[in-house]
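Asks: Have a look at this one.
The values are calculated or read from the model by the stated rules, or taken from the named source; none is laboratory data. This is a predicted model, so every value here is computed, not measured. Every residue, glycine among them, receives a Cβ derived from its backbone with ideal geometry; neighbour counts consider all protein chains shown. SASA here: full protein model, heavy atoms, side chains in, ligands and nucleic acids out. Shrake-Rupley method; radii C 1.70, N 1.55, O 1.52, S 1.80 Å.
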Amino acid sequence: MQNAIYWFRNDLRLADNPALTDACGQAERLALLVVVPDDERRSTRWGFERMGPHRRHFRDQALAGLARALAALDRELLVGAGDPVETVTRLARAIGATDVFCEAIAAPEELAQCAALRAAGLQVHERWQSSLLDPADLPFRVDQMPRVFTAFRQAVEGARTEPRPPAATPSRFPMPVEVAVEVAAPVSPARALASVASATMVLPDGASFPFTDPDFNGSEQVALAHLSRYFDSAAPRHYKQTRNALSGVNYSTKFSPWLAIGAVSPRTVYGSLQAHESRLGANDSTYWIGFELLWRDFFRFATLQHGARLFHASGLSRLPPPRHDTDAFRRWCAGATGHALVDAGMRELVTSGYLSNRLRQVVASYLIHELDCDWRAGAAWFESRLVDFDVYSNQGNWLYLAGRGADPRQGRRFNPDKQAATYDPDGTYRSLWGARHHHPASSRE
Ligand code: FAD
């Protein structure tokens, strides 16, 4: 084929990106495109912007890294601002491309985008590549996956299903396509770098994922450096004992933000984990890192299995639609519920863009079970705020806590007082993120 487009989605990387490798192998000339949707700051039905400033900042860092990596190979990343379908279609027309390559994303909006591209006459080559295990290698058909995580994990472990080795970085990039920017507008080559260069963001002291620090920047290069640093340190030896901590840089792996935007692939992470184990030996903690990556896969496969049902109010359950209390929801978002641990967590989330797994569970359970609010509102707030927002993990975890997911148990209710006594016995976390100590993140763009 002659001219084609590679459309980067949540795979902002060059290494282990089989969809990109396919495109490089098949196209004579290739336009490398990413689209920044113009509606990302538009208000959701719950009354706040869909993508908050922290997430945008981290994503822009990843884009800048990708643009730099491509520039080093003498290739240019085109950045489109607008509706993804329109932008891809317009660029395809401008350069006479009939083929679009991209990673497959199983969530309803992203599926609709590919359907719309096909309806516009384009040949779309989607490739599933965001899970650790390949769906084709599972010991069951993905549409017959066990509904409960433990049964899924035992089946996979029993069959010794292994991830495929990471794909090589493309050794050769096709020639770029001559793009008449006026024709393809609003696609422009330089925007990503320019917007990141001019953005300043200050995170509060004590942020557990300090992405304004160069060691936590969103780019692929930094993701890979973080992987090496993490597995060269003693942290993985104790992961199982520390993973429930509430605050700090090292208590958990912090891979999630890079995994979410695809700056690193789960197979690359797994390769580093295995290398660590062969150097220093496997233990309970290193096993547990792989175990958590299986949770990530479980929610991905559940989305392949159940599709749009996971996005309905009742999820997979027959429960009536949830109730909602707009005022209580607003107080929860603002960290003003009156429960000190919940409020501290909500302040950390809003000001830093990250929250520990333990506190995600506590605050989500509080919203659903104590404030009697709609889990979808909470999931939307997390989507807006988390730098590691991932549609599968977010939806899956919220549904699970709401008792509307794949797990048959009636929801997970966490007693917030007990959680505070167990995980923050001396109140250190509550005073770190308490109202008096709160330094709001400021952003100038
Ligand atoms: P680690 O503890 O170091 O775990 C290693 C990796 O395993 C993580 O990077 C992640 O990829 C995976 N993982 C760990 N726990 C889970 C889990 N419960 N579900 C799925 N994968 C997991 N994670 C996201 O990546 N994006 C989200 O939008 C998201 N939303 C969540 C919403 C709720 C209500 C809850 C309870 C959890 C959510 N999680 C989400 C899962 C989990 O909290 C984060 O993945 C984790 O805290 C990220 O930090 P880490 O990389 O240091 O994790």
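Asks: Filter the range 127-149 down to the residues that are open to solvent by less than 60 Å² (accessible area, probe 1.4 Å) and either over 19 Å from Gly315 (Cβ atoms) or without any contact (Cβ under 8 Å) to a residue 40 or more places away in the chain (or both) and list them by number. Spell out how you get there, then give the answer.
Replies: Looking only at the range 127-149, we keep the residues that are open to solvent by less than 60 Å² (accessible area, probe 1.4 Å), and these are 128-135, 137-138, 140, 142, 145-146, 148-149.
Once the filter is applied, which keeps residues that are open to solvent by less than 60 Å² (accessible area, probe 1.4 Å) and either over 19 Å from Gly315 (Cβ atoms) or without any contact (Cβ under 8 Å) to a residue 40 or more places away in the chain (or both), the range 127-149 yields Trp128, Gln129, Ser130, Ser131, Leu132, Leu133, Asp134, Pro135, Asp137, Leu138, Phe140, Pro146.
Asks: Tell me, please, whether a residue that is open to solvent by 20 Å² or more (accessible area, probe 1.4 Å), among the aromatic types (Phe, Trp, Tyr) and under 22 Å from the mean Cα position of the chain (by Cα) can be found in the range 41-56.
Replies: yes
Asks: In addition: Of all residues in the range 105-125, how many are open to solvent by less than 60 Å² (accessible area, probe 1.4 Å), touching a residue at least 24 places away in the same chain (Cβ under 8 Å) and either closer than 28 Å to Ala15 by Cβ or small (Gly, Ala, Ser) (or both)?
Replies: 11
Asks: With surrounded by 15 or more Cβ atoms within 10 Å (Cβ to Cβ), hydroxyl-bearing (Ser, Thr, Tyr) and more than 14 Å from the ligand (Cβ to nearest atom) as the only criterion, which of Ser219, Ser285 stands out? Don't jump to the end; show me each part of the working.
Replies: Working: Ser285 fails: more than 14 Å from the ligand (Cβ to nearest atom).
On inspection, the qualifying residue turns out to be Ser219.
Asks: Inspect all residues belonging to the range 416-423 and state whether any of them is at pLDDT 95 or above and within 12 Å of the ligand (Cβ to nearest atom).
Replies: No - not one qualifying residue is present in the range 416-423.
Asks: Looking at the range 298-320, is at least one residue touching a helix residue (DSSP H, G or I) at 6+ places or on another chain (Cβ under 8 Å), surrounded by fewer than 14 Cβ atoms within 10 Å (Cβ to Cβ) and under 29 Å from Leu138 (Cα atoms)? Step through it out loud before you land on a result.
Replies: The initial filter retains those residues of the range 298-320 that are touching a helix residue (DSSP H, G or I) at 6+ places or on another chain (Cβ under 8 Å), namely 298-305, 307-308, 310-311, 313, 315-316.
Narrowing further to those that are surrounded by fewer than 14 Cβ atoms within 10 Å (Cβ to Cβ): 308.
Subsequent filtering for residues that are under 29 Å from Leu138 (Cα atoms) retains 308.
Yes, because at least one residue in the range 298-320 is touching a helix residue (DSSP H, G or I) at 6+ places or on another chain (Cβ under 8 Å), surrounded by fewer than 14 Cβ atoms within 10 Å (Cβ to Cβ) and under 29 Å from Leu138 (Cα atoms).
Asks: Same structure, new question: Check whether at least one residue in the range 73-80 is part of a loop (DSSP other than H, G, I, E, B), under 30 Å from Ala328 (Cβ atoms), of a type in the set (Asp, Glu) and open to solvent by 10 Å² or more (accessible area, probe 1.4 Å), and report yes or no. Give the derivation first.
Replies: Taking the range 73-80 and keeping what is part of a loop (DSSP other than H, G, I, E, B), we get 73-76.
Next, from what is left, pick out any that are under 30 Å from Ala328 (Cβ atoms): none.
Within the range 73-80 (the criterion being part of a loop (DSSP other than H, G, I, E, B), under 30 Å from Ala328 (Cβ atoms), of a type in the set (Asp, Glu) and open to solvent by 10 Å² or more (accessible area, probe 1.4 Å)), the answer is no, since none of the residues qualifies.
Asks: Which residues, taken from the range 81-104, are open to solvent by 10 Å² or more (accessible area, probe 1.4 Å), in contact (Cβ under 8 Å) with a residue 12 or more places away in the chain and under 27 Å from the mean Cα position of the chain (by Cα)?
Replies: Ala81, Asp83, Pro84, Val85, Thr89, Asp99, Ala104
Asks: Return yes when Val148 is touching an Asp or Glu at 6+ places or on another chain (Cβ under 7 Å) and at pLDDT below 95 and no when it is not. Spell out how you get there, then give the answer.
Replies: Values: touching an Asp or Glu at 6+ places or on another chain (Cβ under 7 Å): yes; at pLDDT below 95: yes.
It is true that Val148 is touching an Asp or Glu at 6+ places or on another chain (Cβ under 7 Å) and at pLDDT below 95.
Asks: Please tell me if Pro165 is more than 23 Å from the chain's Cα centre (by Cα) and of a type outside the set (Phe, Trp, Tyr).
Replies: Against the criterion (more than 23 Å from the chain's Cα centre (by Cα) and of a type outside the set (Phe, Trp, Tyr)), Pro165 does not qualify.
Asks: Pick out the one residue from Val100, Val179, Val88, Val124 that is closer than 30 Å to Arg41 by Cβ, part of a loop (DSSP other than H, G, I, E, B) and either aliphatic (A, V, I, L, M) or in the same structural domain as Thr303 (by TED's automatic domain parsing) (or both).
Replies: The match here is Val179.
Asks: Same structure, new question: Give the range 251-282 a look and list any residue that's more than 7 Å from the ligand (Cβ to nearest atom) and of a type in the set (A, V, I, L, M, F, W, C), or say none.
Replies: Selection gives Trp258, Ile261, Ala263, Val264, Val269, Leu273, Ala275, Leu280, Ala282.
Here's the yes/no breakdown for (1) within 11 Å of the ligand (Cβ to nearest atom); (2) assigned by TED's automatic domain parsing to the domain that holds Arg9; (3) farther than 22 Å from Trp258 by Cβ; (4) among the hydrophobic types (A, V, I, L, M, F, W, C):
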{"residue": "Met346", "(1), (2), (3), (4)": "no, no, yes, yes"}
{"residue": "Ser352", "(1), (2), (3), (4)": "no, no, no, no"}
{"residue": "Asn357", "(1), (2), (3), (4)": "yes, no, no, no"}
{"residue": "Glu370", "(1), (2), (3), (4)": "no, no, yes, no"}
{"residue": "Phe382", "(1), (2), (3), (4)": "yes, no, no, yes"}
{"residue": "Arg385", "(1), (2), (3), (4)": "yes, no, no, no"}
{"residue": "Asp390", "(1), (2), (3), (4)": "yes, no, no, no"}
